[in-house]
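The values are calculated or read from the model by the stated rules, or taken from the named source; none is laboratory data. Source: prediction; values computed, not measured. For neighbour counting, all protein chains shown are included, and Cβ atoms are generated from backbone atoms with ideal geometry for every residue, glycine included.
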Amino acid sequence: MAKTLLRALTVSRGPILALGAVGVVWGTFAAMVPVIKIQAQASDAAFGAALLGSAAGGMVAMYIAPKLSETLGRFVLPLLAGLSMVVLQLPIFAASTALLFPVMVALGMAVASLDINANLRISQLEERHGLHLMNLNHAMFSLCFGTAALFVAALRQSGWSIAQVLPLMGGVVLVLGLLTFEARDPVVPDTDEDGAHETPGLPWRPILLVALMLFVSFVGENAIESWSALFLERELGGAAGQGGFGPSTLGFTMATFRLLGHLGTQRLGEARVVLWSGVLGVIGALILSQAQTQPIALFGIAVTAIGMAVIVPTATSLLGKRVSRRHRSLAISRAWMLGFVGFFVGPSTIGFVSDHFGLRVAFLCVAGMLSVIIPAVLSLTRTRG
């Protein structure tokens, strides 16, 4: 077991550190949300709308990712990490809601580019080496996300300002980015097999069902990342900096259960793992919405994190087994293109609901959305591509 883990870490050194850098950026941002929101003088709805900027930037990043990876080769990860370090400094200058939107566009584009290109590299390495690397690499993201959120929470409690925190955390991102550099390309660039592009007869039913699972999972994960700090400090009266315990709890819990995800999937099978993950996600979001104290809220976040930890990689694997080989790559890419939207739509949707009904109702909506995973996976198990 230890030897296999060491080999996986060695093979995927570049992308695992790149996803670590992504985790540092978003963990830092999540813990700084209360400060950034006050600085921009934004209501919940306005802040949620500004977060849509990261959706716009992220979708552009998804569109150009394959060409960018092909053009930059082994330089793509360190260069995008450097760019992410730079854009992480931009919230310092977001003194209004109008300025916050373009800041989020730039942040979404740069960090999503790093994220997506790391995942492309992981997929290439899995195929070349015959290893399962996705859960391990995404565990690194969650670990760095949680560590960054907790560290930034401590800095805020010590009186550090946003102009001090972001340059420090940017330095961490830069160091991780430099370590992603490969002396030579570790994989051969992907090429289309048999000249296939848009294959007729693509099995859209399983694609859409998995896309739905990915969408609601991303909504739930990023909604808690972006709003749990504010919930702990504003709704539950936590001191400045204590809000960072929310996203850090999410990150650490997801990291742990992503590492355990491979074993669980082997024992129970993909469909059963996704089904019970959806159930736990719903229960956790319900607990969070009704929490009256910080410990109960953190418990709800942890239960939600356990549920959401393995849905994305496991649902992707489940789709791969439900479609034919000639459809597999195209089917997975289409599901991700549709599902990934939820990663950015979630925080803004929560902002609109919160502005009118409060964060408790917003987290109830998260529970309702996560419940959609249950009929989706049951339907998928009856589907053949």
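Return the residues of region 136-153 that are surrounded by fewer than 24 Cβ atoms within 10 Å (Cβ to Cβ) and either in the same structural domain as Met308 (by TED's automatic domain parsing) or among the polar types (S, T, N, Q) (or both); say none if nothing qualifies.
Thr147 - this is the single residue of region 136-153 that is surrounded by fewer than 24 Cβ atoms within 10 Å (Cβ to Cβ) and either in the same structural domain as Met308 (by TED's automatic domain parsing) or among the polar types (S, T, N, Q) (or both).
Out of the residues in region 88-104 that are buried (at least 21 other Cβ atoms within 10 Å of the Cβ) and under 22 Å from Ala65 (Cβ atoms), which is modelled with the highest pLDDT?
By that ranking, first place goes to Leu88.
Within region 235-263, restricting attention to residues that are within 14 Å of the chain's Cα centre (by Cα) and small (Gly, Ala, Ser), which residue is farthest from Met134 (Cα to Cα)?
As a first pass, look at region 235-263 and keep what is within 14 Å of the chain's Cα centre (by Cα): 247-248, 250-255, 258.
The next check asks that each one be small (Gly, Ala, Ser); those that pass are 248, 251, 255.
On the way: Ser248: 21, Gly251: 16, Ala255: 12 Å.
In this case the residue turns out to be Ser248.
Can you find a residue in region 334-355 that is more than 25 Å from Leu107 (Cα to Cα) and touching a residue at least 24 places away in the same chain (Cβ under 8 Å)? Reasoning before the result, please.
First, pick out the residues of region 334-355 that are more than 25 Å from Leu107 (Cα to Cα): none.
Scanning region 334-355 turns up no residue that is more than 25 Å from Leu107 (Cα to Cα) and touching a residue at least 24 places away in the same chain (Cβ under 8 Å).
Here is a yes/no grid of residues against (1) in a helix (DSSP H, G or I); (2) modelled with pLDDT of 95 or more; (3) closer than 30 Å to Arg74 by Cβ:
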site	(1), (2), (3)
Phe181	no, no, yes
Glu198	no, no, yes
Leu208	yes, no, no
Phe215	yes, no, no
Gly244	yes, no, no
Ala255	yes, no, yes
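Considering only region 7-114, give the helices (runs of 4 or more DSSP H) lying wholly within it that have at least 1 residues that are more than 23 Å from Gly171 (Cα to Cα).
Working: elements: 13-39, 44-72, 76-87.
The qualifying helices (runs of 4 or more DSSP H) are 13-39, 44-72.
Which one of these does Ala46 not meet: (1) within 17 Å of the chain's Cα centre (by Cα); (2) farther than 18 Å from Ala81 by Cβ?
So the condition that Ala46 fails would be (1).
One line per residue, one yes/no per condition, for (1) among the hydrophobic types (A, V, I, L, M, F, W, C); (2) assigned to a helix (DSSP H, G or I):
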position: Arg128; (1), (2): no, yes
position: His138; (1), (2): no, yes
position: Leu143; (1), (2): yes, yes
position: Ala149; (1), (2): yes, yes
position: Gly159; (1), (2): no, no
position: Leu166; (1), (2): yes, yes
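Which of the numbered conditions does Leu166 fail, given that it passes all the others? Conditions: (1) at pLDDT below 90; (2) closer than 24 Å to Pro78 by Cα; (3) not aromatic (Phe, Trp, Tyr).
Of (1) at pLDDT below 90; (2) closer than 24 Å to Pro78 by Cα; (3) not aromatic (Phe, Trp, Tyr), only one is false for Leu166: (1).
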